[in-house]
């Protein structure tokens, strides 16, 4: 039986993240069953109507869908009171018809398959150590390049604008990779283009 607005009960728990401009909306139903999706603009939403509708809320900067969590990053000039209330309205209206099995190409799987063996090893280390915490806070990380002991990474979702991602988190990544991979590795955030 297909859920309708009338018989669909949505519970939403809102939690802060280390990023003061990002909140996690944790739902009692999945938003993405496989993988995750990060959207930096409405044009990236393609067939994800729920994401598109959230972007219509004034102040929304980017979205990250993962399991039953939607991490919303807002522009710093907007206050959370109005943004949060408007997102709640959108979720209540559009979650009953949202399909958590929405089909998106999986560029992350393709990207990982094309990585060098060293970068694949780094991604595996990040998978078991750093990535679960970042995803729990509504973000993620990608290892982009590794050359001459220098690793360039890119943050996604709420981590992309989080102050702690450039300090504490980056130092933790470097420490773990020095212990498990290369004692001389340096880790930097890749510039945005």
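Can you give the Kirkwood hydrodynamic radius for segment 80-168, in Å, rounded to one decimal and based on Cα pairs?
15.7 Å
If the viscosity is 0.692 mPa s and the temperature 37 °C, what translational diffusion coefficient in µm²/s does Stokes-Einstein give for the chain when Rh comes from Kirkwood over Cα pairs?
D = 186 µm²/s.
Which whole-angstrom value gives the distance between the alpha carbon centres of segment 27-52 and segment 146-165?
For segment 27-52 versus segment 146-165, the Cα centre distance is 22 Å.
Of 25, 66, 94, which is the most mobile in a GNM of the chain whose springs link Cα atoms less than 10 angstrom apart?
Top of the fluctuation ranking is 94.
Need one word for segment 12-97: rounded, prolate or oblate. Basis is the Cα gyration tensor (sqrt eigenvalues a ≥ b ≥ c); a/c below 1.5 gives rounded, then a/b vs b/c decides.
Rounded.
How much length would be gained if the chain were fully extended between residue 180 and residue 112, taking 0.36 nm per residue of separation minus their Cα-Cα distance, in nm to one decimal?
Separation in residues times 0.36 nm, less the Cα-Cα distance, equals 22.5 nm.
Helix 117-128 against the longest principal axis of the chain: what's the angle in degrees, Cα atoms only, rounded to the nearest 10?
50 degrees
For every helix of n ≥ 4 consecutive DSSP H residues, a contribution of -39,500 (n - 2.57) applies; sum these over the chain, divide by its total residues, and give [θ] at 222 nm rounded to the nearest 500 deg cm²/dmol.
Theoretical 222 nm ellipticity from helices: -9000 deg cm²/dmol.
Give the relative contact order (percent, whole number) for the chain; include only Cα pairs under 8 Å separated by 6+ residues.
Relative contact order for the chain comes out at 21 percent.
Sorting 14, 26 on the 10 Å Cβ count, fewest up front, what's the list?
14, 26
Please give, to one decimal in nm, the separation of the simple spin-label points placed at residue 97 and residue 46, each 7 Å out from Cα toward the Cβ.
Output for this residue pair reads 2.1 nm.
Taking the chain as the reference, fit the longest principal axis to its C-alpha atoms, fit the long axis of helix 168-180 to the helix C-alpha atoms, and give the angle between the two in degrees, 0 to 90, nearest 10.
That helix lies at roughly 50 degrees to the long axis.
Laboratory data are not the source of any read-out in this text; all were calculated from the coordinates shown. What you see is a predicted model, and the numbers here were worked out from it, not measured in a lab. Glycine gets a Cβ as well: all are built from the backbone with ideal geometry, and neighbour counts include every protein chain shown.
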